[in-house]
Amino acid sequence: MASGPPRVLWEPSAAFAQRSRMRAYMCWLAAERGVTAGDYQELWRWSVGDVAAFWSSIADYFDVRFHAPPRAVLGRREMPGAQWFSGATLSYPEHVLRDRDDGAIAIRHASELRPLTAMTWGELRADSARIQAGLRALGVGHGDRVVAYMPNIPETVAAFLAVSGLGAIWSSCSPDFGARSVVDRFAQIEPKVLLAVDGYRYGGRDHDRSAVVDEIHEQVGGTLVRLGYLSGAGWQEGFLGPDDGEASRDLELAPVVFDHPLWVLYSSGTTGLPKPIVHGHGGILLEQLKKLNLHIDAHEDDRIFWFTTTGWMMWNFLVGALLSPASIVLYDGNPGYPSLDRLWELAAEARITCFGTSAAFISSCMKAGVHPARGRDLGALRSVGATGSPLSPEGFRWVSEELGSDTWLFSTSGGTDVCTAFVGGVPLEPVYEGELQGRSLGCDVQAFGPDGHALIGEVGELVITQPLPSMPLCFWNDPDGSRMHEAYFEMYPGVWRHGDWIEITSRGTAVIYGRSDSTINRGGVRMGTSEIYRAVLALDEIVDALVVDVPREGAENWMALFVVLRDEVVLDDDLMRALVRRVREDCSPRHVPDDVYAVAEVPRTLSGKILEVPVKRILAGVAPELAASRDALANPAALDWFVAFARRRAAAGSRGAA
């Protein structure tokens, strides 16, 4: 919490602001609804001051096609269980595919198996129709679940549109998920069809998944349909409908009720069975129309990219960009192979205008000395998005210095739970170093203190105090809603608690300090882990870190820091002194770790989040198989060091050494 505002790294030019989709929406509001706002903060206050009027305006502004009109915009307002647009029927994929020029580009895609290629809207529609015909022949219909063990390729997008067009329910996992992790997810929703690839290429190596697919199929059931992605053979013989040039005319886009399930996403599953989170057609449609058009500022000439797999909500978010005039760019492969330049090369080759990635990727590029614009043409690039974990102020500076001060960097924070970012990019606002630009329209985000009152300029629990259309309809197989209530509404009844620490500044910007359940509490002074990481990673010798605060009976918690060192660096006395000095000066003397250990790598989830809570539980004595699901990790071998370390520490009498 700085004493004064940080440095401004970017401000929209007059031309940028005037061209923005947000400004056009504000002009429409003034002309059509008599709602005038002098700036974005005033617009946000109106949007949460009358959420029903705001979401009604989004439906009207984007010409949402209701096959049956809503009886009310917002009926029951209480959370959980708010009722949006009751009585309305619509179709999510209809809005993706309507009014498209068949010859225009919808998707550009590349992978370690395929060169950069373009797919037109006509081709996407035809492919979706042929897949849908195959699914219909297998008996798939309204409410059935179709699950996909498929990578981030156009076939997956086409399959999703085909499934949702039937009123069936989609769910996906990336093929780098292990069998146990996939079964833990898909078995809960009892799929009728499993779509699966034969394998994939990652880091220059081919990974045959045929045996894993057989194991998954045996345990989740349904009909298995294979796609020869690794072999190049395509969909299995006899599955697709006819390729007679008329197929796209038969694509069904059945209207469903507003809250009919669109897809099932999953919590990370690092501890316990992943929570199957159900989102509806209407809520996701409205949220993505708002977010991608107004906050990401997607225009007809934009090419939007986000590095993601199909096992992370950012894939669903990226597909949502097809609700805008922009096209999207997909990539399947290792972002660090053959070097961390690979995605920047794709940005140049595909003429990407919005480059979305994780904070961890930016940190890796920064530490590795990558220079994205050196030797390549990134002239098309106008914005960079970062999510997954808090982006450090140093990461903000690196993007500005490497890509130019005219590049709009928007850091975002949200969650799988709502399949969006509720704090992030605002094309009309400045970018302050280390801060997220603003709270999203219609999303009443607050920082709550222990007494349940909103804080400004102080760190508190991130809460949402009014309903949001893209909040989960339910958890699958949670008939009384008890699991969902426990997950979000137990701490503050009637208010969504997300589980992050957030500070809302007096300027309306925000800072995320990490998960509130992994906060470091030393002598009553609480600090988010992101602040400690910022201090530690400021040292050139350290490339990654994990910090935990482990309870000890009858004594203060044991704070341990685990660091990944740059090649040929050792954790000697000089580095230890530098590290302690940095934490003492940047954080507080109380947050100097009790012990520091060098590790080969930090365990992360498949979406790149650091495994703080499971490691903390393992070090506290919880059995590893209960603390974390290995199949939910991007690098499960990294956990082995911590398991062995915990055993050595327990054998030594939990004295803080091992």
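The values are calculated or read from the model by the stated rules, or taken from the named source; none is laboratory data. Computed from a predicted structure; not experimentally measured. Positions of Cβ are backbone-derived with ideal geometry, glycine not excepted, and every protein chain shown enters the neighbour counts. Note: areas computed on protein heavy atoms with side chains; ligands, DNA, RNA excluded. Shrake-Rupley method; radii C 1.70, N 1.55, O 1.52, S 1.80 Å.
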### Summary
On the accessible surface of the range 249-400, probed at 1.4 Å with all protein chains in place, carbon and sulfur together account for a percent value of 48
### Query
Stretched out fully, how many nm does the piece from residue 24 to residue 257 gain, at 0.36 nm a residue minus the Cα gap?
80.9 nm
#### Entry: Largest-first principal axis extents, alpha carbons of the range 1-158, Å
57, 44, 37
### Hydrodynamic radius of the chain per Kirkwood, over alpha carbon pairs, in Å
25.6
### Carbon plus sulfur fraction of accessible area for the range 506-644, probe 1.4 Å, in percent
48
### Task
Sort the following peptides by mean Cβ neighbour count (other Cβ atoms within 10 Å, averaged over residues), highest first: 155-167, 114-126, 297-309.
155-167, 297-309, 114-126
### Query
Taking a 1.4 Å probe, which of 39, 184 shows the most accessible area, and what order do the others take after it?
39, 184
### Task
Given the peptides 483-490, 537-544, arrange them by the average over their residues of other C-beta atoms within 10 Å, most packed first.
537-544, 483-490
### Rg/Rh (Cα only; Kirkwood hydrodynamic radius) as it applies to the range 171-243
0.98
### Query
How high is the FRET efficiency from residue 39 to residue 490, r the C-beta distance, R0 30 Å, rounded to 0.05?
0.25
## Note on the structure
Whole-percent carbon and sulfur contribution to the accessible surface of the range 24-138 (1.4 Å, no ligands, DNA or RNA) stands at 47
### Message
Just to confirm, what accessible area per residue do you get for the chain at 1.4 Å probe, in whole Å²?
### Response
37
### Task
Can you tell me which of 493-501, 30-38 comes out highest on packing, and rank the rest after it, using the mean Cβ neighbours within 10 Å?
493-501, 30-38
### Message
Can you give me the C-alpha center-to-center distance between the range 1-58 and the range 135-211, rounded to a whole angstrom?
### Response
39
### Task
Just need log10 I(q)/I(0) for the range 492-633 at q = 0.15, 0.21, 0.22 Å⁻¹, Debye formula, equal scatterers on the alpha-carbon atoms, no solvent, rounded to two decimals.
-0.83, -1.44, -1.51
### About the Cα centre, charge dipole magnitude for the range 36-77 (Lys/Arg +1, Asp/Glu -1 at Cβ), debye
340
### Task
Please tell me which of these pairs span more than 31 angstrom C-alpha to C-alpha: 291/616; 367/616; 192/275; 291/609; 290/616?
291/616; 290/616
### Query
Nearest 20 debye, what's the magnitude of the dipole of the chain about its Cα centre given +1 on Lys and Arg Cβ and -1 on Asp and Glu Cβ?
660
### Task
For residue 192, tell me the accessible area in Å² from a 1.4 Å probe, rounded to the nearest 10.
80
### Task
With unit charges on the beta carbon (Lys/Arg positive, Asp/Glu negative), name the residue among 141, 327, 261 whose Cα is farthest towards the positive pole of the charge dipole of the chain.
261
### Query
If you bin every alpha carbon distance in the range 324-387 into 10 Å steps from zero, what whole percent lands in each bin?
20, 59, 19, 2
### Task
Pop out the ³J(HN,Hα) list for the range 147-159 in order, Karplus 6.51 cos²θ - 1.76 cosθ + 1.60 with θ = phi - 60°, rounded to Hz; leave Gly and Pro as x.
10, 10, 9, 9, x, 7, 9, x, 4, 6, 4, 4, 5
### Query
What FRET efficiency do you get for residue 99 and residue 71 if R0 is 30 Å and r is their Cβ-Cβ distance, rounded to the nearest 0.05?
0.65
### Message
Compute the orientation-averaged projected area for the range 63-121 from the convex hull of its Cα atoms and round it to one decimal in nm².
### Response
6.9
